[in-house]
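Working notes, beginning with the structure itself.
The values are calculated or read from the model by the stated rules, or taken from the named source; none is laboratory data. Fair warning: this is a prediction, and the values are worked out from it, not measured in the lab. When we count neighbours, we look across all protein chains shown, and the Cβ atoms used for this are built from the backbone with ideal geometry, even at glycine.
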Amino acid sequence: MATGTTAVGTAGGALDGLPPSPAVWCSGLRKRYGRRTAVDDVSFTVGRGEVVGLLGPNGAGKTSVIKMLLGLVRPDAGEVLLLGRPSSDPRSRSAVGYLPELFRYQPWLTAAEVLDLHVKLSRVDVPAEERRECLALVGLAERTGDRVGGFSKGMQQRLGLAVALVARPELVVLDEPTSALDPLGRVDVRDIVLSLRARGVAVLLNSHLIGEVERVCDRVVILDRGRVAASGTLAELLGQHEVRLRLGDVAPRVEERLRVTGTLTRSGDWFTVALAAEDDGVTVPDLVRDLVGLGVRVHAVEPVRISLEERLLAVLRHDEPAP
């Protein structure tokens, strides 16, 4: 018995030293509705403190995937772990905040009462002051005592975001969080997502606003017809980037210096240089310094890179990305 206890203790100590499991791990998710396959063999992870964007056209299966991750829909096949536990275990969802795409709160409740209700449901001790701070974070500090029935769609969206955040989640799942929000509201959501990442909170973000995804996400998963069409970091998805320079007084030795940096193309006084995908950020400043040292007049320096929108469209159309 003593030996067994020691072995367990040793194993436990070894496990304690391991890095935490991913916030989300799913493998081989499948779901059919009648004859239609909504999700087919979807696998991906969301690391702790990582923001992952879920992109794809309407009907691609994004919301179905989210519901399977959260145990709201049972998959026909596949496995899901949330924060290291099977999604079938209710404890796996105790530290998850969720903003669904479509939701409604009781119109007779005030914003503060809605938050109080969800704190009770979460069984997490959240002081009243912290609840007020959560409402202030989403821009509802002046409306805490107002009934939800009088809220605009944008204000209800802000309240839904507060509900997702109030119980100090380790994973936040946001399904179209900027729906019905004005430009200022979208900036607020972006800042909140970035602050969550800074605190080590994982975020899974489903949004049609590709620009927002490109600004805040570490990795992107693109779904098309229920399958993963592409996934990776933004650098991996967007590939090689370039820099365009408008130069004057270009001598042959100047072109030689440009070619040392990468493949060179010229159109008049504009020179385009392809940069390595693993560029460390000093290549362009060093290049400009050397050009000035060679007596070149540098009139303009413009970074050029395929946008996430272009890459998404290329994937969905089964084309190569635009150069």
**Complete:** Residue hits (the range 274-319; small (G, A, S) and modelled with pLDDT of 80 or more) are A274, G293, G295, A300
**Asked** For the range 78-112, which residues satisfy the criterion of being in a helix (DSSP H, G or I), surrounded by 14 or more Cβ atoms within 10 Å (Cβ to Cβ) and among the charged types (D, E, K, R)?
**Response** R93
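Matching residues to (1) modelled with pLDDT of 90 or more; (2) touching a helix residue (DSSP H, G or I) at 6+ places or on another chain (Cβ under 6 Å); (3) buried (at least 18 other Cβ atoms within 10 Å of the Cβ):
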residue	(1), (2), (3)
G226	yes, no, yes
A235	no, no, no
R244	no, no, no
T261	no, yes, yes
R266	no, no, no
T272	no, no, yes
**Asked** Is one or more of the residues making up the range 222-242 charged (D, E, K, R), over 30 Å from H318 (Cα atoms) and in contact with a strand residue (DSSP E or B) (Cβ under 7 Å, 6 or more places away or on another chain)?
**Response** no
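Tell me the residue from T110, T144 that is assigned by TED's automatic domain parsing to the domain that holds K67 and touching a Gly at 6+ places or on another chain (Cβ under 6 Å), please.
Details: T144 fails: touching a Gly at 6+ places or on another chain (Cβ under 6 Å).
Just one listed residue meets the conditions, T110.
If a residue counts only when it is more than 30 Å from D41 (Cα to Cα), of a type outside the set (D, E, K, R) and over 27 Å from the mean Cα position of the chain (by Cα), which helices (runs of 4 or more DSSP H) contained entirely in the range 185-270 have at least 2 such residues? Even if it seems obvious, please write down each step before you answer.
On the way: elements: 210-216, 234-238, 252-261.
Here the list reads 252-261.
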**Message:** Being at pLDDT below 85 and among the hydrophobic types (A, V, I, L, M, F, W, C) is the requirement here; does L184 meet it?
**Reply:** no
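Can you name every residue in the range 173-212 that is under 23 Å from L83 (Cα atoms) and among the aliphatic types (A, V, I, L, M)? Don't jump to the end; show me each part of the working.
Within the range 173-212, the first condition is being under 23 Å from L83 (Cα atoms), and the residues that meet it are 173-177, 192-207.
Scanning the range 173-212 gives V173, L174, I192, V193, L194, L196, A198, V201, A202, V203, L204, L205.
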**Prompt:** Tally time: how many residues in the range 274-285 are surrounded by 12 or more Cβ atoms within 10 Å (Cβ to Cβ), over 11 Å from R244 (Cα atoms) and of a type outside the set (S, T, Y)?
**Reply:** 1
**Complete:** Scanning the range 21-38 for residues that are closer than 15 Å to L70 by Cα and either over 20 Å from the mean Cα position of the chain (by Cα) or of a type in the set (A, V, I, L, M) (or both), the one surrounded by the fewest Cβ atoms within 10 Å (Cβ to Cβ) turns out to be R30
**Message:** Kindly evaluate E129 against the criterion of being free of Cβ contacts under 8 Å to residues at least 12 places away in the same chain, farther than 22 Å from S21 by Cβ and not small (G, A, S).
**Reply:** yes
**Request:** Would you tally the residues in the range 226-255 being closer than 17 Å to I66 by Cβ and among the basic types (K, R)?
**Result:** 1
**Complete:** Output for Cβ contacts, cut-off 7 Å, separation at least six or different chains, first residue in contact (Cβ under 8 Å) with a residue 40 or more places away in the chain in the range 74-94, second buried (at least 16 other Cβ atoms within 10 Å of the Cβ) and among the acidic types (D, E), reads L83/E170
